[in-house]
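The values are calculated or read from the model by the stated rules, or taken from the named source; none is laboratory data. In this text, all values refer to a predicted model and were calculated from it rather than measured experimentally. Reconstructed Cβ throughout: ideal geometry from the backbone, glycine too, with neighbour counts over all protein chains shown. Only protein heavy atoms, including side chains, enter the accessible area calculation; ligands, DNA and RNA are left aside. Shrake-Rupley method; radii C 1.70, N 1.55, O 1.52, S 1.80 Å.
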Amino acid sequence: MDEWWRTAVVYQVYPRSFADSDGDGVGDLRGIESRLDHLSDLGVDVLWLSPVYPSPQDDGGYDISDYQDIDPAFGTLADFDRLLAAVHARGMKLLMDLVVNHTSDEHPWFQASRSSREDPKRDWYWWRPPRFGMDLGAPGAEPTNWGSFFSGPAWEPDEATGEYYLHLFSRRQPDLNWDNPQVRQAVYAMMRWWLDRGVDGFRMDVINMISKDPALPDGRVTGGEPYADGSESFINGPRLHDHLQEMHREVFAGRDGLLTVGEMPGVTVEDARLFTDPARGEVDMVFQFEHVGLDQGATKWDLRALDLRALKVSLGRWQAGLADVGWNSLYWDNHDQPRIVSRWGDGSPLAAKTLATLLHLHRGTPYVFQGEELGMTNYPWAGIEEFRDIESVNHFAAAVAAGQPAEEVLTALRAKSRDNARTPMQWDASPQAGFTTGTPWLPVNPDHVRVNAAAQAGDPDSVLAHYRRLIELRHTVPAVAHGDFTMLLPEDERVYAFTRAHQGVELLVLCNVSAAAAAVDVPGWDAAELLLGTHGTGGTGELAPWESRVLRRTA
Ligand code: TEU
């Protein structure tokens, strides 16, 4: 089997915020094409595009109204074909975002479905009458007590036909009914259409939510929340493996050189082994969420400090769990996460490098989110009016309505809002950071005067140069891609240390994830070669604040 992605690094572009070619303040496909040298210089193998399909943009394009076209804000299908050819000409591959747990409410499938109870597409979505004989829209008449991920109930009343439809995300993102075989065939046909056009695979949005328990039982009510958590009924649902295997047979079988990655909130390492076991024919790798949940309480807005020992337990378990069967994906940032250098670092270039070293020396396929390779930071949000993300805006309204002080809610948004990832890419020090000549749809981070691609391009000490070396190590040192992983110093609260071993070559990775100097004692490495280090210092003695080292020795 061709598992080329075991040595690959993926770069994620969030098209709205990457590069704007026409000055309307929104990034576009021609903008991306004009910046492909940045990706080739970095050395990445794959470009993953967040959604570029026609969309009302209720959820940043994750609400799709036509799966087989390009949103005019981003360009045309001809622009897409040009971009794809340019990506391939540079020896890179292109992944599309596949968002098929739900469509936009403006998708023709949903328009038909909502038009009447007798419409042939009625059953393509989850329609249910009000319960207990109550009136549509009456409090408590929702078919289940589930809350949506974006605040409020997961059911929307629809006056025209007197029933509710299910939406796990916004009310403008109705959930498709994957139990209906016509839905599945329509999705597979669409996927084949993109593969025939030349794309190299898919990142599959919340793909472990497509199978729901058809009984739709109520969820458990957790303390203080107005709506219940229904996830037991839709995370890794009853027919999920069947659906993924069918998709594999119908779409991927007989095609080579592809990559599939399933985004799976709530997935366990035991599940992930099944999803990514090549013999089962499901997906190549999954995005799991355990590590990005370590700095929260009951919800992402309930802020907690990261305990480095817990990160070791978590990532270490995933490394061990997928060592023989399956494969890991590795990520810090994406369009849903705050910036790692602000989150678990101190915002400095040094912290950005060390957090990058930590992640990129693990076994798995690393994903770099635009700007992460520059050490881009969270935005200094002044007030609620600056946020655009539906999750943030809805959460603020709901939390304040429930009596939480606005300033407290803002503190959580500043730390965790998805908009932190979505501010424009920082190309240079000019007023709009080289992102647009117009007014950007989200403000440019004022730190772009220091943190930008142009300033780092020729600087061997830059975060960008560090990422380039990490990617090169994965391509040139087989132990980085293939080596066995062993966690060291599990009790150390500041130093994250591990070894990788492959065919007589051993690597030792030491990362000081703290602002204080830290002593380390790992015997036998003093004569080892320094492959990469933030300070140019070898050996194992004391690590400076935020210092990291990668050492190599041969048995
Ligand atoms: O995200 C799924 C998901 O469960 C979370 O990351 C969620 O978006 C949120 O951050 C919870 O706090 C995927 C996409 O990546 C996200 O952008 C979409 O909004 C969502 O699905 C719906 O398509």
Ignoring everything but the protein chains, give the 1.4 Å probe accessible area of residue 36 in square angstrom, nearest 10. 0
Neighbourhood charge, 15 Å Cβ-Cβ cut-off, centred on residue 460 and excluding it, Lys, Arg +1 and Asp, Glu -1: -2
Pairs from 121/300; 312/353; 212/416; 93/212; 212/312 whose Cα-Cα separation, in the structure shown, is over 27 Å: 121/300; 212/416; 93/212; 212/312
HN-Hα J in Hz across the stretch 33-41 - Karplus 6.51, -1.76, 1.60, θ = phi - 60°, x for Gly and Pro: 4, 6, 10, 5, 4, 4, 6, 5, 4
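Within the stretch 484-554, what whole-number % of the accessible surface is contributed by carbon and sulfur, with the 1.4 Å probe and all protein chains included in the calculation? Each step should come with its number before you reach the end.
Values: 1500 of 3110 Å².
That share works out to 48 percent.
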Figure the gain on full extension for residue 66 and residue 527 (residue separation times 0.36 nm, minus the Cα-Cα span) and round it to one decimal in nm. 160.0 nm
Pull up all non-local amide H partners of residue 94: gap of 5 or more, or a different chain, and H-to-H distance under 5 Å with H placed in the peptide plane. 47, 200
How tilted is helix 181-197 with respect to the longest principal axis of the chain? Cα atoms for both, answer in degrees (0 to 90, nearest 10). 40
Sequence gap at least 6, Cα distance under 8 Å: using those rules, report the relative contact order of the stretch 135-211 to the nearest whole percent. 19
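Using Cα-Cα distances under 8 Å and only pairs 6 or more residues apart, what relative contact order does the stretch 404-555 have, in percent?
On the way: 241 pairs, mean separation 20.6, N = 152.
Computed over the stretch 404-555, the figure is 14 percent.
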Proximal charge balance of residue 171 [Cβ under 9 Å; K/R count +1, D/E count -1]: -2
Can you give the convex hull volume of the alpha carbon atoms of the stretch 484-554 per residue, in Å³? 73
Place a point 7 Å from the Cα of residue 117 in the direction of its beta carbon; the residues of the stretch 157-178 whose amide N falls under 15 Å from it are 158-165
Report the Cα-based extents of the stretch 65-185 along its three principal axes, largest first, to the nearest Å. 61, 30, 26
If r is the Cβ-Cβ distance from residue 346 to residue 185 and R0 is 51 Å, what FRET efficiency results, to the nearest 0.05? 0.50
Using the Karplus curve 6.51 cos²θ - 1.76 cosθ + 1.60 with θ = phi - 60°, what ³J(HN,Hα) values do you get for each residue of the stretch 402-411, in whole Hz, with x for Gly and Pro? 7, x, 6, x, 4, 5, 5, 5, 5, 4
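For the chain, what is the mean residue ellipticity at 222 nm derived from helices alone (per DSSP H run of n ≥ 4: -39500 (n - 2.57); sum divided by total residues; nearest 500 deg cm²/dmol)?
Counting only the DSSP helices, I get -7500 deg cm²/dmol.
So for the chain: antiparallel DSSP bridges make up what percent, rounded to the nearest 5? Let's see the in-between values first.
Details: 37 of 62 bridges.
Here the share of antiparallel DSSP bridges comes out near 60 percent.
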Convex hull over the alpha-carbon atoms of the chain: what's its volume per residue in Å³? 144
HN-Hα couplings for the stretch 79-94 via Karplus (6.51, -1.76, 1.60; θ = phi - 60°), in whole Hz with x for Gly/Pro, come out as 4, 4, 4, 5, 4, 4, 5, 5, 5, 5, 4, 8, x, 9, 10, 10
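In the neighborhood of residue 529, defined by Cβ-to-Cβ distances under 13 Å, what is the net charge if each Lys or Arg adds +1 and each Asp or Glu adds -1? Show your work: numbers first, answer last.
Working: positive: 549, 552, 553; negative: 506, 526.
It works out to a net charge of +1.
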Expressed as an acute angle from 0 to 90° and rounded to the nearest 10, what is the orientation of the C-alpha long axis of helix 463-476 relative to the principal long axis of the chain? 90
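Listed highest first by mean packing, meaning other Cβ atoms within 10 Å per residue, what order do 525-535, 212-222, 497-507 come in?
Numbers: 525-535: 16.4, 212-222: 13.8, 497-507: 18.3.
The peptides rank, most packed first, as 497-507, 525-535, 212-222.
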Probe of 1.4 angstrom, ligands and nucleic acids ignored: what's the accessible area per residue over the chain, in square angstrom? 36
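Counting only protein heavy atoms, what percent of the accessible surface of the stretch 148-273 is carbon or sulfur at a 1.4 Å probe?
Details: 2220 of 4810 Å².
That share works out to 46 percent.
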Calculate how steeply helix 349-360 sits against the longest principal axis of the alpha-carbon atoms of the chain, using the helix alpha-carbon long axis, and give the answer as 0 to 90 degrees to the nearest 10. 80
